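Working notes, beginning with the structure itself.
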Amino acid sequence: MRPKDLATEAANTWCPGCGNFAILNAIKPVLAVLDEEGLVAIETVVLVSGIGCHAKIADYVNANSFYTIHGRTIPVATGIKLANPDLNVICFAGDGDAYAEGLDHLIFAAKRNVDITAIIHDNRVYGLTTGQYTPTSPSGFKGRSTPSGLEVPPINPLEMVSASGGTFIARGYSHGIDLLKEIFRSAILHRGFSFVDVLQVCATFFNLYDHYNQRVYALEGHDPLDRVRAEEKMREWDYDSDGPIPLGVFYKKDAPTFGDNFEEQNPRKIDIEDAINKTLERYI
Amino acid sequence: MMKVVEGSYGIADAVRCCSPDVISVYPITPQTHIVEHLSEFVANGKLDCEYINVESEFSSLSSLIGASAAGARTYTSTTSQGLALMFEVLFNVSGMRLPIVMTTVNRALSAPLSIWNDQQDAMAAREAGWIQIYAENVQEAMDLTPQLFKISEDPEILTPSMVCMDGFILTHVYEPVEFLDIEKVREFLPPYRPEYVLDPKDPKTFGAFADPSWFTEFRYLQYQAMERAKKKIEKVSKEFEEIFGRGYGGLIDTYSMDDAEVALVTMGSVVGTAKEAVDELRSEGVKVGLVKIRSYRPFPEEELKIALKDARVIATIEKDVSIGYESALLTDLKGAFYNSPIRAPIVGFAAGLGGRDIGIKQIRKIVEKTSRVLDAGIEAEFEIFDVKQECLQEGYHGR
């Protein structure tokens, strides 16, 4: 399979220069290669998207896909995975989806370590609705709903997912597709909840290409199994300061995933009648 | 002097004139420019108010509960999915008798994903204990804003309100409007001085637990307040007309109903189109008239009985479906007339769903179908109007 086999006939309506193209152009070859290698059959892939410009990715990749309502990509993906663990479920969500309206779902997916991949198109602005601030917009951000500048600082989603128990935490950037592909591949292959925050530039309403280009660097010689060091690296940039912005896989850990022990807990495996009789005998 | 502005701007300016203390909104999908214009007013010092950008519609209405209980005049606006997400909070607000005013921009509910106009969102919330008044045009939606603050905050009412206006058709179009004069609004709408307010010197509990020996009485009082709101809506509407010179009728309004044999009942922006259709048909000799429902909650049962008493056949046109049984307005209207002497047949049309246009042609078609009831009797009491049969064919992939 070649990446172009994953293309669709849908007309692409993203703006020229949109960072979503990088995510689309990274995910297609990754899925094609994983399919070729026999690691992830394309038929088993389900793409789940939210609401916003990013969500159109479901139209642009020729794979099973599911449009959810705003904020609800992760719970829908969780349901798909639990109902059919043979599927490989990849969420595409915006920063509004994942960090505002649907934040609770992100925390609980990390806490449960459900075996899905969440790729967050973090453009730090509401692009489809033409430029309002999001939870990761920097302080002072002047948007359509904050004309005098945002007074509250942004959240650092990496730290938040780490605190929630995430077992795969990475950051990508929509400029530099090789690193993005590498991250996506590891995220999909990771068993457990994989979280990738992609600094996806909105060329129209919050163009940060120059800003990022001067500050990003790829993590090198970093041991993602070292949680203390990983969290230090996550804190190196708080989405507000001017500091250097590390990219790559910060943290990775093998841990039981949600659903692993469902078989053992299956009530059908317990003889309920026998259990009830035993309990009743105690009172008779 | 009239000015041509976008509907959303008109509403934002009307809200500004009402001097709210706290506005709390989620600014994105689905939202309108109303809240953006308000944020500009606050930033430019044209409106002295706390403006909170929150993380979801659930939070926007929840934060207003706190603000309203603390004695603030509060406002928010949302639409479709946003209103759906507020559902739990809607009941909380009305149960606590907090006079929050919201512009509900009517849009379809997903799935399938849609951003276009219908009235399913507000209709799904009709049981929530909020006053719902539907505006025909931008000016009416603007003028309703101070009226609803006044009604909601009245100590005899203390019930939250929605100004319902059709998404896109009213919010995103440019219409000539007369701006409200803030001084006149101040005269019309006195500052909010609630009797029951969170006060450390006089502690109270809001939203406390009511066991079965209390709960019914809370609902009874809400029901009574909503009944009282009927007179209040009429009264405040007249007061507004005296000061501002614009009137829209009370709970309902009528158009060409004097000798009408076929009566249409509808609400929202389609009323304007229906008036045009009625004029056309009248000029051709068809005795058709129109009843515009302004207040859907409280439901104007008595006014409708008077307005429709001489009609020979009645048709509702509404932009919602109660999947499983007809559409809300049709069922309500039939229910209202069952124990009355009115025996004209009533049929209903769910139309304009998910933004499909209801033009003059469509209304003429509805009148034609309704007139047929007079000769042939009722063939279908309820119809989902304008279904494209070709779309339902197996293998259809067209547009």
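The values are calculated or read from the model by the stated rules, or taken from the named source; none is laboratory data. Since the structure is predicted, the reported quantities are computational estimates derived from the model, not experimental observations. Quick reminder, even Gly has a Cβ in these numbers, built from the backbone with ideal geometry, and neighbours come from all protein chains shown. Accessible surface areas use protein heavy atoms only, side chains included; no ligands, DNA or RNA. Shrake-Rupley method; radii C 1.70, N 1.55, O 1.52, S 1.80 Å.
Spacing of the modelled spin labels on residue A:39 and residue B:389, each 7 Å from Cα toward Cβ, amounts to 5.5 nm. Accessible area per residue for the stretch B:252-392 is 44 Å², calculated with a 1.4 Å probe on protein heavy atoms, without ligands, DNA or RNA. Beyond 17 Å, the tail of the calculated P(r) for the stretch B:8-101 holds 44 percent of the Cα pairs.
Fraction of C-alpha pairs exceeding 25 angstrom in the stretch B:252-392: 18 percent, rounded to a whole number. For trypsin sites (Lys or Arg not before Pro), the sites in the stretch B:192-256 that DSSP calls loop and that have at most 11 other Cβ atoms within 10 Å are B:201, B:204.
For the protein assembly as shown, the C-alpha radius of gyration divided by 2.2 N^0.38 Å, with N the number of residues, is 1.08. Over chain A, the Kirkwood radius and the radius of gyration, each from Cα atoms, give a ratio Rg/Rh of 1.04. Where does the stretch A:34-125 land on the Kirkwood hydrodynamic radius, alpha-carbon pairs, in angstrom? 13.1 Å is the Kirkwood radius here.
Of all beta bridges that DSSP places with both ends in the stretch B:231-360, some 20 percent have antiparallel geometry. For chain B, averaging the sequence separation of C-alpha pairs within contact (under 8 Å, six or more residues apart) and dividing by the residue count gives a relative contact order of 15 percent.
Quick one: which of B:319/B:361; B:275/B:369; B:287/B:334; B:150/B:230; B:319/B:369; B:305/B:334 span more than 20 angstrom between C-alpha atoms? The answer is B:287/B:334. Counting only the Cα atoms, the stretch A:144-273 fills a convex hull of 176 Å³ per residue. With a Förster radius of 25 Å applied to the C-beta separation of residue A:163 and residue A:242, the computed FRET efficiency comes to 0.55.
Modelled spin labels at residue B:209 and residue B:195, positioned 7 Å past Cα toward Cβ, are 2.8 nm from each other. Mind checking the log10 I(q)/I(0) for chain B at q = 0.08 Å⁻¹? Debye, one equal scatterer per Cα, no solvent, two decimals. Evaluating at q = 0.08 Å⁻¹ gives log10 I(q)/I(0) of -0.42.
Rg and Dmax over the alpha-carbon atoms of the stretch B:318-399 stand at 14.7, 50 Å. A convex hull fitted to the Cα coordinates of the stretch B:166-209 yields 174 cubic angstrom per residue. Residue A:233: which lysines have alpha carbons under 26 Å from its alpha carbon, excluding same-chain residues fewer than 8 sequence positions away? Qualifying lysines at Cα under 26 Å: A:111, A:181, A:252, A:253. Taking 17 Å as the straight-line reach from the Cα of residue B:204, the aspartates and glutamates in range (excluding those fewer than 8 positions away in the same chain) are B:195. In this label model, residue A:152 and residue B:325 are separated by 4.3 nm, measuring between points 7 Å along each Cα→Cβ vector. In plain terms, the bigger the Kirkwood radius, the slower the diffusion; for the stretch B:179-333, with that radius from Cα pairs, at 4 °C and 1.567 mPa s, Stokes-Einstein puts D at 68 µm²/s. Within the protein assembly as shown, DSSP assigns beta bridges of which about 20% are antiparallel (rounded to the nearest 5). Heavy-atom accessible area buried between chains A and B is around 1500 Å² (1.4 Å probe, both sides summed). The rule of thumb for compact globular proteins, 2.2 N^0.38 Å, goes into the C-alpha radius of gyration of the stretch B:253-306 1.13 times. Overall, the accessible surface of the protein assembly as shown at a probe of 1.4 angstrom is composed of carbon and sulfur to the extent of 53 percent. The GluC sites (Glu not before Pro) of the stretch B:139-215 meeting both criteria, a DSSP state outside H, G, I, E and B (loop) and at most 15 other C-beta atoms within 10 angstrom of the site's C-beta, are B:156, B:195. Ranking B:362, B:324, B:24 by how far each Cα lies toward the positive end of the dipole of chain B (charges on Cβ) leaves B:324 at the top.
Pairs of Cα atoms in the stretch B:90-144 fall into 10 Å distance bins, from 0 up to the last occupied one, in shares of 21, 45, 31, 3 percent.
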